[in-house]
Amino acid sequence: MAEVLAAIDVGTNSFHLVVARVDRDDRFDVITREKEQVRLGQGPGDMKELAPEAIERGVAALSRFRRLADAHGAEVRAVATSAVREAQDHDDFLRRARHEAGVEVEVISGVEEARLIHLGVLSALPVYDRRILVCDIGGGSTELVVGEKGETLASRSLKLGAVRLTNRFFAEGTPTKSDIEACRRHVQGALVAFERSVTDHGFEVAIGSSGTIEQVVRLARRSAGDDDPLRTWNGVTATAGEIESVVADLARAARKGELADVAGLDAKRIDIITAGALILEGVVERFGIGELTVSEAALREGVLIDTLQRVRGGSRHRITDVGRHSIRHLADANDPDPGHSAWVATLAVALYDDLVPITGLAADCRDHLEAAALLANVGLAVSHDGHHKHSYYVIRHSDRLVGFTDAEIERIALVARYHRKSTPKGRHPEFARLDPAEQEVVRTLAGILRVAIGLDRTHGRRISAVRARCADGAVRVEVTATVGADIDLEVFTAGERSALLSEVLDRPVEVVRAGAATTTAGS
């Protein structure tokens, strides 16, 4: 029987569902698509909070999507973008989505959102071998990507969204000319952040992949006299001049309060189209786009492809190639001795594998331990003093980590933060925000990582192998020395740093040379 997957895009303006059947060649046959305009990010406060009524609409939409997916026997993966990502009170929405709608929502970073949109676009248009500039205008943010042959060369998530800018500049309804000019200046100022990347890399084809962009292109084709109904808008193009003309018409109609009279304009977009169109106008002008091509595939299709790649890779949670590449990239840029961190990661996952019968941790925890080990010392780029805390900050706020959800990045950052000095404490705000089960995961992984770091205390790879054996109510960590190496310091240091692991496992941890009697213990 063919595999059926469902992807849900929990957007700031709309929620999207796509359910697809995967054939033998890993191609997708779309069974159904659904869209609901939820306006999750609507309200004052620049999306720092989710309004109660917006949460109600969101949970109700997810419940309906869940029932549709279940009717097709689909495995569901849901990702949330700008509105949930930025809201300080998003935990309530995530909890209700889980318990009331039966949907586990992953919060993804802006750069991860851009990567997934890029994946989706490549599935819809024959542009794999060409250098492309992708623009996706959402309700809360605009994602920009320069890519070629499946590789992301540069990406940026900007706080430019149709709902966000409507709330900021056009909240009173009918805008004035000065309101529109203020919005236009704001857009141009924000886009400067990505201009250097576009200039450095260049592009051959510009692609737009959002409802706002499709709407503007529809209006452009209509203005050009092309009224023939199309089954799909995928691959349809509009020139810069056509787009600028449509935006000017929309701005004029908005000032007169006549948007409802614009032929071909979706009534559900009337209140946010002005802001969205001004963002598109800014992108076209700032990056010198001559022609824009529509992609009907975007984030949700990218989620489908990414999910399939994970499953086909042997584990739903295995670090993908792009995830591993981004970890190495961040480590190489900030860790003065990445070779040491890589060896620590090898020792850490070896200990993890031997301890699974005791810890019972899920497979994805192994990946996150490996990532934390590789990134534990990136804080040294800031300062040696307190570098474990700096590592947390660098990991948590880096725009280089892709292939991970927000919750996964938080876990990796916390495990790296606790690789030395203080153990996890309830008075630490970031740790305290976790639920008890996640706190235990962080404590366990940090405990393993501390021992692994001790086993390469001299940064000399003096330990060639490590095994953990459980017997007689204790954990015995047996280490094998590299030929001719003195490992007394490694054995001693690992034992000294085994206290957290001993506490988590609720049994003594003994660190010994392979084939030798016990030499040191933590309890």
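The values are calculated or read from the model by the stated rules, or taken from the named source; none is laboratory data. Bear in mind the structure is a predicted one, so any value in this text is a computation, not a measurement. Positions of Cβ are generated from backbone atoms using ideal geometry, with glycine treated the same way; all protein chains shown enter the neighbour counts. The accessibility values were calculated without ligands, DNA or RNA, using every heavy atom of the protein model including side chains. Shrake-Rupley method; radii C 1.70, N 1.55, O 1.52, S 1.80 Å.
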The lone exception for residue 354 - which of (1) touching an Asp or Glu at 6+ places or on another chain (Cβ under 8 Å); (2) more than 16 Å from residue 108 (Cβ to Cβ) it fails = (1)
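A quick yes/no check of all residues on (1) touching a residue at least 24 places away in the same chain (Cβ under 8 Å); (2) buried (at least 21 other Cβ atoms within 10 Å of the Cβ); (3) not in a helix (DSSP H, G or I); (4) not hydroxyl-bearing (Ser, Thr, Tyr):
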position: 146; (1), (2), (3), (4): yes, yes, yes, yes
position: 154; (1), (2), (3), (4): yes, no, yes, yes
position: 166; (1), (2), (3), (4): yes, yes, no, no
position: 178; (1), (2), (3), (4): no, no, no, no
position: 203; (1), (2), (3), (4): yes, no, yes, yes
position: 212; (1), (2), (3), (4): yes, yes, no, no
Those residues that are part of a helix (DSSP H, G or I) and either over 29 Å from residue 457 (Cβ atoms) or not hydrophobic (A, V, I, L, M, F, W, C) (or both), I need them from region 401-431; list them, please.
-> 406, 407, 408, 410, 411, 417, 429, 430
Test set (1) assigned to a helix (DSSP H, G or I); (2) modelled with pLDDT under 95; (3) open to solvent by 50 Å² or more (accessible area, probe 1.4 Å); (4) not basic (Lys, Arg) - residue 301 fails condition number = (3)
Out of curiosity, is residue 142 touching a residue at least 24 places away in the same chain (Cβ under 8 Å), β-branched (Val, Ile, Thr) and surrounded by fewer than 24 Cβ atoms within 10 Å (Cβ to Cβ)?
-> no
Region 51-74, residues that are more than 23 Å from residue 296 (Cβ to Cβ) and open to solvent by 10 Å² or more (accessible area, probe 1.4 Å) | 51, 52, 53, 56, 57, 60, 63, 66, 67, 70, 71, 73
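Output the residue which, of all residues in region 375-390 that are more than 19 Å from the chain's Cα centre (by Cα) and part of a helix (DSSP H, G or I), is nearest to residue 342 (Cα to Cα).
Out of the qualifying residues, it is 378.
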When residue 122 is run through (1) open to solvent by less than 20 Å² (accessible area, probe 1.4 Å); (2) part of a helix (DSSP H, G or I), the failure sits at (1)
Residue list for region 20-66, restricted to those being over 20 Å from residue 106 (Cα atoms), in contact with a strand residue (DSSP E or B) (Cβ under 7 Å, 6 or more places away or on another chain) and either in a helix (DSSP H, G or I) or among the polar types (S, T, N, Q) (or both) | 32
Scanning for something more than 18 Å from residue 407 (Cα to Cα), assigned to a helix (DSSP H, G or I) and over 18 Å from the mean Cα position of the chain (by Cα), does region 100-113 turn up at least one residue?
-> yes
Of the numbered conditions (1) surrounded by fewer than 19 Cβ atoms within 10 Å (Cβ to Cβ); (2) polar (S, T, N, Q); (3) in a helix (DSSP H, G or I), residue 232 fails exactly one; give the number of that condition.
-> (3)
Output the number of residues of region 445-467 satisfying the condition of being open to solvent by less than 10 Å² (accessible area, probe 1.4 Å) and either in a strand (DSSP E or B) or among the basic types (Lys, Arg) (or both).
-> 1
If you scan region 468-490, which residues turn out to be closer than 20 Å to residue 339 by Cα, of a type in the set (Val, Ile, Thr) and open to solvent by less than 20 Å² (accessible area, probe 1.4 Å)?
-> 479, 487
Which residues, taken from region 87-99, are open to solvent by 30 Å² or more (accessible area, probe 1.4 Å) and in a helix (DSSP H, G or I)?
-> 90, 91, 92, 95, 96, 98, 99
The lone exception for residue 322 - which of (1) in a loop (DSSP other than H, G, I, E, B); (2) of a type in the set (Val, Ile, Thr); (3) at pLDDT below 90 it fails = (1)
Six or more apart or on different chains, Cβ under 9 Å: which pairs go from a residue in region 277-296 that's part of a helix (DSSP H, G or I) to one that's open to solvent by 20 Å² or more (accessible area, probe 1.4 Å) and among the acidic types (Asp, Glu)? Could you list them?
-> 281/244; 284/244; 285/244; 286/195
